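Reading through the structure tokens given below for one structure.
Derivation of every value follows stated rules applied to the coordinates shown; laboratory data play no part. Worth saying up front: this structure is predicted, and the values here are computed from it rather than measured. Using ideal geometry, Cβ is built from the backbone for each residue, glycine included, and neighbour counts are taken over all protein chains shown.
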Amino acid sequence: MKLTPTEFPGLQVIEARRLGDDRGYFVKTFHKDILVAAGINKDIAEIYYSSSHKGAVRGLHFQTPPHDHNKIVFCLQGKIFDAAMDLRKSSPTFGKAFTRELSGDEPIGLYIPAGFAHGFIALTDDVLFMNATNTVWNGPADGGIHWQSCGIAWPDIVPIVSDKDKSLPRFSDYESPFV
């Protein structure tokens with residue numbers, strides 16, 4: 001497992017190793033010692049995955065303090081266009097978004113620190129997406145930014161958006177609680 005910093009403070013690309021043979025393959029998505037050595041010393045409190053059809057939009061979501069969380073994300077199957085927007089007011093990348101395609105064919109994930117809104121759009125019909133966080137989801141702390149209000153160049157695909165995500169505030173109308 002290799003971690004590569006990005007231009008966004010704290011956000012890192014995770015390159016996992018894919019070991020395969022005639023039976024299939026094996027990928028390790030979490031290795032505490034490697035993460036700690038990279039300055040990521042957060043215990044995992046919750047791991048979950050979602051299944052999405054082509055065009056499904058999930059996000060841009062976050063948890064507000066004191067329930068904010070760091071996350072490790074991987075696309076296990078299919079392909080997504082992933083986006084993480086920096087909401088930390090003191091960050092040099094505040095209001096900017098990191099985007100990248102993630103695919104089950106390539107063992108690449110992201111470490112996204114607290115203070116980012118995160119989401120994706122499914123580019124294929126068979127997406128399985130894994131999310132590991134260091135805090136447990138908290139309903140009253142659940143927040144988000146409207147996915148089309150952040151200047152992100154989303155792929156040209158017909159979106160399927162939940163009523164909840166359609167009603168999220170625009171970035172220009174949101175007062176970030178992240179310092």
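For the range 83-123, how many residues are within 16 Å of residue 157 (Cα to Cα) and touching a His at 6+ places or on another chain (Cβ under 9 Å)?
Residues meeting the conditions: 3.
Among the candidates 87, 168, single out the residue that is touching a residue at least 12 places away in the same chain (Cβ under 8 Å) and under 30 Å from residue 41 (Cβ atoms).
On the way: 168 fails: under 30 Å from residue 41 (Cβ atoms).
Residue meeting the stated conditions: 87.
Tell me yes or no: at least one residue of the range 96-117 is of a type outside the set (Asp, Glu) and loosely packed, with under 13 Cβ neighbours inside 10 Å.
So the first thing to find is which residues in the range 96-117 are of a type outside the set (Asp, Glu), and the list is 96-100, 102-104, 107-117.
Add one more test, that the residue is loosely packed, with under 13 Cβ neighbours inside 10 Å, and what stays is none.
Checked against the condition, which is being of a type outside the set (Asp, Glu) and loosely packed, with under 13 Cβ neighbours inside 10 Å, the range 96-117 yields no hits at all.
Please verify whether the range 118-137 includes one or more residues that are over 25 Å from residue 18 (Cα atoms) and surrounded by fewer than 16 Cβ atoms within 10 Å (Cβ to Cβ).
Yes, the conditions are met somewhere in the range 118-137.
Give me the strands (runs of 3 or more DSSP E) completely within the range 7-93, filtered to those with at least 1 residues that are loosely packed, with under 12 Cβ neighbours inside 10 Å and not charged (D, E, K, R), ordered by residue number. Let's see the steps before the verdict.
Details: elements: 12-15, 18-21, 24-27, 46-52, 57-63, 71-77, 79-86.
Filter on the range 7-93 gives 18-21, 24-27, 46-52.
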